[in-house]
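A.B. asks: The structure follows.
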There are 2 protein chains.
Amino acid sequence: MSYFRFIFLVLLPVFASGQKTSFKVVPLGVKGGTDESNLSAYLIAPDKSNAFISLDAGTINAGIRKAIKKHTFKVSEETVLKEYIKGYFISHAHLDHVSGLIINSPGDSSKPVYATKECMELMQNNYFNGQTWANFGDAGPGFQLKKYHFQTLETHQEIPVKNTEMSVTAFPLSHVNPYQSTAFLVKSGDNYALYFGDTGPDEVEKSDKLAKVWEVIAPLIQNKKLKGIFIEVSFPNGQPDKFLFGHLTPNWFLKEMKNLEKISGEGSLKDLKLIITHKKPPLINEKIIRKELRENNPLELKLIFPQQGKAFRL
Amino acid sequence: MSYFRFIFLVLLPVFASGQKTSFKVVPLGVKGGTDESNLSAYLIAPDKSNAFISLDAGTINAGIRKAIKKHTFKVSEETVLKEYIKGYFISHAHLDHVSGLIINSPGDSSKPVYATKECMELMQNNYFNGQTWANFGDAGPGFQLKKYHFQTLETHQEIPVKNTEMSVTAFPLSHVNPYQSTAFLVKSGDNYALYFGDTGPDEVEKSDKLAKVWEVIAPLIQNKKLKGIFIEVSFPNGQPDKFLFGHLTPNWFLKEMKNLEKISGEGSLKDLKLIITHKKPPLINEKIIRKELRENNPLELKLIFPQQGKAFRL
């Protein structure tokens, strides 16, 4: 073995583990309300792939156009919509998480829409029902156009995502108990990313849904397999608990992160990537949320504030 | 009487009638699909007033921001939303006509939402139902937050619009028979503007809904009281009749205008302002629609292609 080859083989794994990223993310919308052109929707794919799924779908077209404008995508709007997005995972049926999917359905290609039974039935009965919108799916009321396959998810059960290299496991969340939202654990090879739909803190929700998720992901954190967590922080700390409407503040976010750390181990969350989603306008509140999170970060989380159309890696 | 005073008094009415406009319009969204940031919504008020109504509400916030950016409004987003918009008239419950109203309801002020019984029930049962969205209204399922007064409209019956100087009469339209859409005849003093929600041509719809509207407005045209008609042209002429989905093409639009002219009188539509709404993307189609309308305009209609955020007068 030559000296250079030896050096190469010894250093490669070190170099690779420092550089290696597992997922590519393109936010199509990042806000928790008001602005129709920028509502929750996150494209995620394995790092070298363009076979994305969309985690929620509040804004699709306006987000794709923004991503093209920012040179994140160098193909047409149509190509991103029809070819890059292989399926939608909808966390709950509130319109700010699904409006873009509905509005863009006429121009979309055939693909699955994934959701839990509760969320799927709400979408079928209230949106894709032949009354408020054509039924582009293959189940539910109204004439079924069968463009979308409505694939109902069992929680806690990993399923492969068609036409991608990823699989997803859904977990129930509490979003004004007993209203259910969903978290999606995305797996690619041996790497994971966790996406939360809207959720309140367990203590306010009188629920153990977040605690249950922390138990599942703690081992993935310990093994350094969890590459990032998308989680909502909708309101600044000034929002009273009784007006949380099933959302988190920076303080409640930190409290839940500490709950997680209790299981995953002291110091285990240091440098974990936390992508902060669903900040609710007005802009002044969005800035306060960011400031409050940054100024009280004892766990040394790596906070990421996503921007519409700007890609990042996990 | 001085010479100058004589000249002034003789010329004033002529000058005034040439200059006088009756309505101010600010489009908050103009497209018939795809782009969540630019869907059907037209603010209209008497010329000197800021007490607007919104005719449909596909996009609200993104449209207000565009209008402020274009200096159409010199006040805050919040002022336009909460104070300038005195009520919403929703033509039908398809999401591209009502999404902006729903998304913006948490930040809105108390005001009426007007719609026919059919449309109102669809909105109450599918959107403002406590499941897909909180019930911000005062009727229908779910806990009623009572911010909006859901005012059901009887067709053919003029009602005053609260907190404005306008009144409105609703007429039923056929949008894939038997699905109903609505036209709104807006009155301010002795002046009128007519807004059409989505509608197919009578011949394709096997309906007489448009014919009935033409009978009502023909006298207003003869008396020069009708200042403009907002009407949809969703597809280029290439769209086959069987795929119209309850919409108009330039050819069908012209055919309906000729039906109107048969009642209002030959040459009576010359220079009538026709505001073309709901052109469906892609952009190439929008351009073709415009070209086809302009190149075949034997009635010499004054065609207006509205732009988001840019005010015009009628």
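Each reported figure results from applying straightforward, stated rules to the coordinates on display, with no laboratory input. Keep in mind that this is a model prediction, so the values were computed, not measured. As a convention, Cβ positions derive from the backbone with ideal geometry for all residues, glycine included, and neighbour counts pool all protein chains shown.
A.B. asks: Give the calculated FRET efficiency between A:Asp241 and A:Asp271 to the nearest 0.05, with a Förster radius of 25 Å applied to their Cβ-Cβ distance.
C.D. replies: According to the calculation, E is roughly 0.25.
A.B. asks: Can you run phi through the Karplus equation (6.51, -1.76, 1.60; θ = phi - 60°) for region B:177-190 and list ³J(HN,Hα) in whole Hz, with x for Gly and Pro?
C.D. replies: 3, x, 5, 9, 10, 9, 9, 10, 9, 9, 10, 9, x, 9
A.B. asks: Can you list the copy-to-copy distances for B:Phe245, using a point 7 angstrom from Cα toward Cβ, in nanometres, shortest first?
C.D. replies: 3.0
A.B. asks: Straight-line reach from A:Lys20: which aspartates and glutamates have Cα under 16 Å away, leaving out those fewer than 8 places along the same chain?
C.D. replies: Excluding near neighbours in sequence, the set is A:Asp47, A:Asp190, A:Asp271.
A.B. asks: While we're on this one: Indicate, rounded to the nearest 5 percent, the antiparallel portion of the DSSP beta bridges found entirely in the protein assembly as shown.
C.D. replies: The antiparallel fraction comes to roughly 50 percent.
A.B. asks: Which percent, to the nearest 5, of DSSP beta bridges fully inside region B:21-306 are antiparallel?
C.D. replies: Taking every DSSP beta bridge within region B:21-306, about 50 percent pair in antiparallel fashion.
A.B. asks: With all distinct Cα pairs included, what does the Kirkwood hydrodynamic radius of the protein assembly as shown come out to in Å, to one decimal, could you say?
C.D. replies: Answer for the protein assembly as shown: a Kirkwood hydrodynamic radius of 26.0 Å.
A.B. asks: Using 0.36 nm times the number of residues separating A:Val75 and A:Lys262, minus their current alpha carbon distance, what extension gain do you get?
C.D. replies: Stretched fully, the A:Val75-A:Lys262 segment lengthens by 62.8 nm.
A.B. asks: Rounded to the nearest 0.05, what FRET efficiency do A:Lys48 and A:Ser109 have when you use their Cβ-Cβ distance and R0 = 35 Å?
C.D. replies: Calculated value: 0.95.
A.B. asks: In region B:215-314, what GluC sites (Glu not before Pro) fall in a loop by DSSP, with at most 14 other Cβ atoms inside 10 Å?
C.D. replies: Answer by residue number: B:Glu266, B:Glu300.
A.B. asks: Could I ask something else about it? What number, in percent, do you get for the relative contact order of chain B if the mean sequence gap of Cα pairs under 8 Å and at least 6 apart is divided by its residue count?
C.D. replies: 17 percent
A.B. asks: How large is the dipole of chain B about the Cα centre if only Lys and Arg carry +1 and Asp and Glu carry -1, each at its Cβ, rounded to the nearest 20 debye?
C.D. replies: 1160 debye
A.B. asks: According to the Cα gyration tensor, what semi-axes, each the square root of 5 times an eigenvalue, does the equivalent ellipsoid of region A:179-314 have, listed from largest to smallest in whole Å?
C.D. replies: So the equivalent ellipsoid measures 22, 18, 15 Å along its semi-axes.
A.B. asks: While we're on this one: Counting other Cβ atoms within 10 Å, keep those with at most 12, restrict to DSSP loop, and tell me which chymotrypsin sites (Phe, Trp or Tyr not before Pro) in region B:136-166 are left.
C.D. replies: B:Phe143
A.B. asks: How far, in nm to one decimal, is A:Glu215 from itself in the other copies if the label point is set 7 angstrom along Cα toward Cβ? Shortest first, please.
C.D. replies: Those label-point separations list as 7.0 nm.
A.B. asks: Which one of B:Leu194, B:Ser91, B:Ala62 is farthest out on the positive end of the charge dipole of region B:44-198, using unit charges on Cβ (Lys, Arg +1; Asp, Glu -1) and the Cα centre as origin?
C.D. replies: B:Ala62
A.B. asks: Can you list, shortest first and in nm, the gaps between the label point of A:Ala139 and those of its counterparts in the other copies, using a point 7 Å from Cα in the C-beta direction?
C.D. replies: 3.4
A.B. asks: While we're on this one: How about region B:195-230: which chymotrypsin sites (Phe, Trp or Tyr not before Pro) there are in a DSSP loop, with at most 14 other Cβ atoms within 10 Å of their Cβ?
C.D. replies: none
A.B. asks: Label 7 Å along Cα→Cβ of B:Asn296; region B:213-235 residues with amide nitrogen under 20 Å?
C.D. replies: Zone members listed by number: B:231-235.
A.B. asks: Per q in 0.12, 0.16 1/Å, what log10 I(q)/I(0) does a Debye calculation on the alpha-carbon atoms of chain B return?
C.D. replies: -0.78, -1.38
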